[in-house]
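Encoded as structure tokens, the structure appears first; notes follow it.
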Amino acid sequence: MAKEIKKIGVFTSGGDSPGMNAAIRAVVRTCAFLKIDCVGIYRGYQGMIEGDFKPMDARSVNNIINKGGTILKSARCQEFRTAEGRKKAYEQLTAEGIDAFVVIGGDGSFTGAMIFNEEYGFPVIGIPGTIDNDIYGTSNTLGFDTACNTVVEVIDKIRDTASSHNRLFFVEVMGRDVGHIALNVGVGAGAEEILIPEENLGLERLVESLKRSKKSGKSSSIVVVAEGDKIGKSVFELKEYVEEHLPIYDVRVSVLGHLQRGGAPSCFDRVLASRMGVKAVETLLEGKSNLMVGIQNNDLILTPINKAIKGESKIDKELIRVSDIMTT
Ligand code: F6P
């Protein structure tokens, strides 16, 4: 019979994302509600290995639902990738009397949790927290909605100056391997073209499209580029290429970078985080493990962690079509 769960650890891992604090709050308060002990693990797996723990009660998470970042800090931990590192982590968890943990993070964090569960039979549940939205088994990861809102707001500002000077702007957004942010903000902010890793449009098609747009009477344009775009050029090289082949354009580049990860979470992310936090604790107490809490069609669902990380989170092709029509 599975060991009764009396104490749950919670931590954030990998790149931070808005909504992580709301998820920590939800896990801690659900534990308090159900009279289960809860322990915050600082700095992700690194803190787990070092025993950087702090008991948390309902009052430890006051006034954080609205805060970006993560009060538990985050890290990408190389040591946890080794069997020795994971052994240290297991010893620390056992010494602290932690029976199970909730990991809030992305792909890499879930992989660590899955291996740890396989090696030690330790109960784990994942909550998807990354602005990239690249996790299978959920239509939304925590932070994606906020990041898209942040980027749309910034591009609206860039549009003001682009249109005042009749300029073409390449705006680079985050998304190391995926184009979810680029595609959504591209449609939401009315970009002329959207360059994403999943679809290599090629430079010629880009130049043709920009030519067409100039001909159709547009005086300024925004092209959104995902950082992992595979068109083969960096965003600065794209600028040079277009300037060389289309000298009519005055081109500028804006790389938005880490500002996309910060800021107060949107209402959507706060509600999602709260729902996922409750579900994560309840799922552990039902004796289930090695699952990720996700959302599909506004219902919370559970997906085996190995599927969440191995399955591909596909981009929405419908958005590509919509964008193509909108740029007429
Ligand atoms: O959180 C995911 C992500 O935002 C990627 O899109 C990006 O490439 C990466 O994090 C940047 O990570 P770091 O903070 O380690 O530079």
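Coordinate-derived values only; no laboratory data. Worth saying up front: this structure is predicted, and the values here are computed from it rather than measured. Here the Cβ is made from the backbone with ideal geometry for all residues, glycine too, and neighbour counts use every protein chain on show.
About its Cα centre, the stretch 1-119 has a charge dipole of approximately 400 debye under the convention of +1 per Lys or Arg Cβ and -1 per Asp or Glu Cβ, with nothing else charged.
Projecting the Cα atoms of N200, S221, V235 onto the charge dipole of the stretch 145-261 (Cβ charges, centred on the Cα centre) puts S221 farthest toward the positive pole. If you run the Gaussian network model on the chain, springs between alpha carbon atoms under 10 Å, then out of Q260, Q92, Q78 the most flexible one is Q78.
For S254, the residues 5 or more places off, or on other chains, whose built amide H falls under 5 Å of its own are F170, V171, E172. Computed per residue of the chain from DSSP H runs no shorter than four, each worth -39500 (n - 2.57), the mean residue ellipticity at 222 nm is -13000 deg cm²/dmol.
Might you report the magnitude of the Cβ-based charge dipole of the stretch 145-261 about its Cα centre, with Lys and Arg at +1 and Asp and Glu at -1, to the nearest 20 debye? Present the calculation step by step, with values, prior to reporting the outcome.
Values: 15 positive and 19 negative charges, 70 e Å.
That gives the stretch 145-261 a dipole magnitude of about 340 debye.
Give the relative contact order (percent, whole number) for the chain; include only Cα pairs under 8 Å separated by 6+ residues.
About 24 percent, as a whole number.
Note on the stretch 145-261: Rg/Rh from C-alpha atoms, Kirkwood Rh, equals 0.93. Cross-link reach is defined here as a Cα-Cα straight distance under 26 Å, omitting same-chain residues fewer than 8 places apart; for K218 the lysines meeting it are K157, K233, K239, K317. Taking the Cα centre of the chain as reference, the dipole from Cβ charges on Lys and Arg (+1) and Asp and Glu (-1) amounts to some 620 debye.
Scattering from the C-alpha atoms of the chain alone, worked out with Debye: what is log10 I(q)/I(0) at q = 0.10, 0.13, 0.16 1/Å? Log10 of I(q)/I(0), two decimals: -0.60, -0.89, -1.18. Simple spin-label estimate for E243 and E4 gives 7.0 nm between the two label positions (7 Å along the Cα-to-Cβ direction from each Cα). Within straight-line reach of K87, meaning a Cα separation under 21 Å, sit the following lysines at least 8 residues removed in sequence or on another chain: K3, K7, K54.
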